[in-house]
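Please read the structure below before turning to the comments.
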Amino acid sequence: MERNIRAASRDEVPVLDLTPLTTGGDITALAEALDAACRNTGFFYVKNHGVPEFTLNAVFGATRRYFALPQEVRDAHVMDPVFRRGFMPQGVTKHPGFKADLKESYEVGVDLPLDDPDVAAGLPLHGPNQWPEEFPWLREAAETYFNEMRALGERMLRLVALAVGMPEDHFLQFNTKPMVQMRLFHYAQQPEAAEEDGQHGAAPHTDYGLLTLLAQDPIGGLELQTRQGEWVKAPYIDGAFVVNIGDLFQRWTNDRYFSNKHRVVNLTGRERYSIPLFYNLDYHAPVECLPSCLAEGETPKHAPTTCGEYLTGRFKAVQGYKTKEELA
């Protein structure tokens, strides 16, 4: 199958310079640029984000090293079914209407001890990380990168709040125990006929939450759909992260913002690696139309929910997730 897919233009997927945010400057113009990007395609790049290059290189090195281990070794680290931490084999993620994704991952989240009240109560997706003791280099690189990216996501909460016309600290009030998740992804070479047969590295989907901060490797493979329905490539830009908004952010803005479909197609003949961090708020954070996003005479388009309820529902639909009570 011939694939004539062009690269996204800078107008469609702009590059935002985060220097004012990382240095304590005026972020008004930056918030306006983010607002425009989220209304258009829901995707943009960020540069000068403050995450050290050596930290990024280290986590990519550890990711490649981990997925080069024998399958039986990785299978011994299979993720905990309730906490969703550890190794996720290929075939688990299956989006409606498509075959299972051609990818595997190592799942990391906010590390909470077993005696944490929310963990003890069985709150979905809350718990300790799972690390293979025989490979301490994986934990060292992944935790360092996770902490840097979590800090970046927290800084960006001020920016996105300002973009939607709310006080800078609006989302920060729901950031006590955020549901931040990171995945170390490995994509095998995708057979040429797989796409026609309904199988992709990652099938077309929208992300579920607030913000996704993605580090992709130079071979690319990420494609997004414009509002006009055209698929375009999100090319690799050295030193920049790809950022997109998810379904919850679209709901907060009463669909003013666009949670965009995207997919991964790896026909390069090489292994592909990427590391997304999904920044979400506290489990009980309310998700309903923001007053700044409700025009006069308009009504909310989505019923109120909470961050955790929505995310849990999506994981059940796509990955067969079951809560502690459902597994009992």
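The values are calculated or read from the model by the stated rules, or taken from the named source; none is laboratory data. Values in this document were obtained by computation on a predicted structure and should not be read as measured data. Glycine gets a Cβ as well: all are built from the backbone with ideal geometry, and neighbour counts include every protein chain shown.
Residues considered: Ala215, Ala285. Of these, the only one that is within 17 Å of Val13 (Cα to Cα), modelled with pLDDT of 95 or more and either of a type in the set (Gly, Ala, Ser) or touching a helix residue (DSSP H, G or I) at 6+ places or on another chain (Cβ under 8 Å) (or both) is Ala215. Say whether the condition of being farther than 27 Å from Asp35 by Cβ and basic (Lys, Arg) is met by at least one residue in region 282-301. So far as region 282-301 goes, no, none of its residues is farther than 27 Å from Asp35 by Cβ and basic (Lys, Arg). Out of all the residues in region 127-142, is one or more at pLDDT below 95 and in contact with a strand residue (DSSP E or B) (Cβ under 9 Å, 6 or more places away or on another chain)? No, every residue in region 127-142 fails to be at pLDDT below 95 and in contact with a strand residue (DSSP E or B) (Cβ under 9 Å, 6 or more places away or on another chain). Of all residues in region 119-131, those that are within 16 Å of Met88 (Cα to Cα) have Cβ atoms under 6 Å from Cβ atoms of residues that are part of a helix (DSSP H, G or I), 6 or more apart or on another chain, in Trp131/Arg139.
In region 300-321, the residues that are in contact (Cβ under 8 Å) with a residue 60 or more places away in the chain never reach a residue that is in a strand (DSSP E or B) and surrounded by fewer than 16 Cβ atoms within 10 Å (Cβ to Cβ) with C-beta atoms less than 7 angstrom apart, at least six apart or across chains.
Selection of region 47-70 for residues being in a loop (DSSP other than H, G, I, E, B) and under 19 Å from the mean Cα position of the chain (by Cα) yields His49, Gly50, Val51. Please tell me if Thr212 is among the hydroxyl-bearing types (Ser, Thr, Tyr), closer than 30 Å to Arg65 by Cβ and over 17 Å from the mean Cα position of the chain (by Cα). No: the conditions fail for Thr212.
Out of curiosity, is Phe44 within 29 Å of Leu267 (Cα to Cα), in contact with a Leu (Cβ under 8 Å, 6 or more places away or on another chain), outside any loop (DSSP other than H, G, I, E, B) and among the aromatic types (Phe, Trp, Tyr)? Here the answer is yes, as Phe44 does meet what is asked. Restricted to region 205-231, and to residues there that are more than 15 Å from Tyr45 (Cα to Cα) and of a type in the set (A, V, I, L, M, F, W, C), the residue that is surrounded by the fewest Cβ atoms within 10 Å (Cβ to Cβ) is Ile219. Pull up region 29-72, narrow it to residues that are out of contact with any strand residue (DSSP E or B) (no Cβ under 7 Å at 6 or more places or on another chain) and among the β-branched types (Val, Ile, Thr), then point me to the one that is farthest from Ser9 (Cα to Cα). The selected residue is Thr55.
Scan Asp217, Asp238 and give me the residue that is among the charged types (D, E, K, R) and over 30 Å from Met79 (Cα atoms). Residue meeting the stated conditions: Asp238.
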